[in-house]
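Contents: one structure, followed by commentary.
The values are calculated or read from the model by the stated rules, or taken from the named source; none is laboratory data. Note that this is a predicted model, so its numbers are computed, not measured. A quick note on method: Cβ atoms are made from the backbone with ideal geometry, for glycine too, and the neighbour counts reach across all protein chains shown. Just the protein is used for accessible areas: all its heavy atoms, side chains included, with ligands, DNA and RNA removed. Shrake-Rupley method; radii C 1.70, N 1.55, O 1.52, S 1.80 Å.
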Amino acid sequence: MDNSKSKTWSIVLTMGFTLGLIGISGMVLSDDDDDYEGNDRWSQSRLDVAPVDNAFYKEECGSCHFPYQPGLLPARSWQRLMGGLEDHFAENAELEAVDAEQLTAYLTENAADTSDYKRSRGISRSLAKDDAPLRISTTRYFKRKHHELPDRMVKDNPDVRSFSNCELCHERAAQGSYDEHQVKVPGYTDWDD
Ligand code: HEC
Ligand code: HEC
C-alpha cells in the first residue's frame, strides 16, 4: 500500500473514533434533566439526596412527620426554620437551646447549597439567593416536579392530604431516593393515568 493512502485511512479512522466519543458523551449528558455535571453522578445515580445519618435528628424532627433530608433545603432556610420552632406550621416544636443548636448545625452543614447530590443542586439552583422558603414543597424545583399531580391525588386524597408526606408516595424516600420510577400514589395504581 502506498504511504499517502495509509495516512488518509488513519486520518479517517481517527476522525471516526473522535466522533464516536463525542456521540457517547453527548448521550450521557443529555440523559439528565437537571444538568448535573461531574463523574460522581454515577456513584450517586441511585440516590437523589444524602440520607439522614443522625439518630437525634430522626428522633426529634421525625416524630410528627417524615424526617426531611437536610439536602432538601438551603442552609438559610434551615436557619430560619430553626429560629421559629415555637410557631412551626401552627404547631409548637420548640426544643432546648442546646438541642436546637446541635440540629441546626447538622442541617446547615448538610444543606442543599453545600451538597453535591443531584436533587440538592436542583433545589438550590431553583431558588434566588435571598429566598429562604420554609417548605420544600413550595420551591420552584418541587413544583416543577409535581405539577402534573391533580388535587384529587394529593390534597383531596384521604390517604395523602399533603405534599409534605413524601414517604407516602416515594417508597424509598428514607433512603434518599425520589426516583419517579419508584413512585406510587396511595389509592392509585398508576399515578399518570
Ligand atoms: C410537633 C410536631 C412537629 C415537630 C416536632 C416538627 N415538625 Fe416540622 N412540621 C410539622 C407540621 C404540622 C408541618 C406541616 C405539614 C403539612 O403541611 O402537611 C411541618 C412541616 C415541616 C416542613 C415543611 C415540609 C414541606 O411541606 O416541604 C419542614 C421542612 C419541617 N417541618 C421541618 C422540621 C424540622 C427540621 C423539625 C425538627 C427541628 C420539625 N419539623 C419538627 C410539625 C412538626
Ligand atoms: C402525592 C404523592 C407525592 C408526594 C406526597 C410527594 N411526591 Fe414527589 N413525586 C410524585 C410523583 C408522582 C412524581 C413524578 C412526577 C413526574 O414524573 O411528572 C414525583 C417526583 C419527585 C421528584 C423528581 C423525581 C424524578 O425522577 O425526576 C422528586 C425529587 C420528589 N418527587 C421529591 C419529593 C419530596 C422531597 C416530597 C416531600 C416533601 C415529595 N416528593 C412528595 C409524587 C409525590
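Being open to solvent by less than 40 Å² (accessible area, probe 1.4 Å) and not basic (Lys, Arg) is true of Thr108. Total residues in region 77-105 satisfying the condition of being exposed (fewer than 12 other Cβ atoms within 10 Å of the Cβ), of a type outside the set (Asp, Glu) and either within 25 Å of the chain's Cα centre (by Cα) or part of a helix (DSSP H, G or I) (or both): the figure is 3. Once region 162-184 is narrowed to residues that are within 16 Å of ligand 1 (Cβ to nearest atom) and assigned to a loop (DSSP other than H, G, I, E, B), the residue that is nearest to Gly71 (Cα to Cα) is Gly176. Is it the case that region 112-127 has a residue that's over 12 Å from the mean Cα position of the chain (by Cα) and within 15 Å of ligand 1 (Cβ to nearest atom)? Scanning region 112-127 turns up at least one residue that is over 12 Å from the mean Cα position of the chain (by Cα) and within 15 Å of ligand 1 (Cβ to nearest atom).
Select from region 55-71 the residues that are in contact with a Ser or Thr (Cβ under 7 Å, 6 or more places away or on another chain) and part of a helix (DSSP H, G or I) and list them in ascending order. Once the filter is applied, which keeps residues that are in contact with a Ser or Thr (Cβ under 7 Å, 6 or more places away or on another chain) and part of a helix (DSSP H, G or I), region 55-71 yields only Gly71. Total residues in region 142-161 satisfying the condition of being within 12 Å of ligand 1 (Cβ to nearest atom) and open to solvent by less than 40 Å² (accessible area, probe 1.4 Å): the figure is 4. Can you name every residue in region 75-107 that is farther than 29 Å from Arg125 by Cβ and among the small types (Gly, Ala, Ser)? If the condition is that a residue be farther than 29 Å from Arg125 by Cβ and among the small types (Gly, Ala, Ser), then Ala90, Ala97 are the ones that fit.
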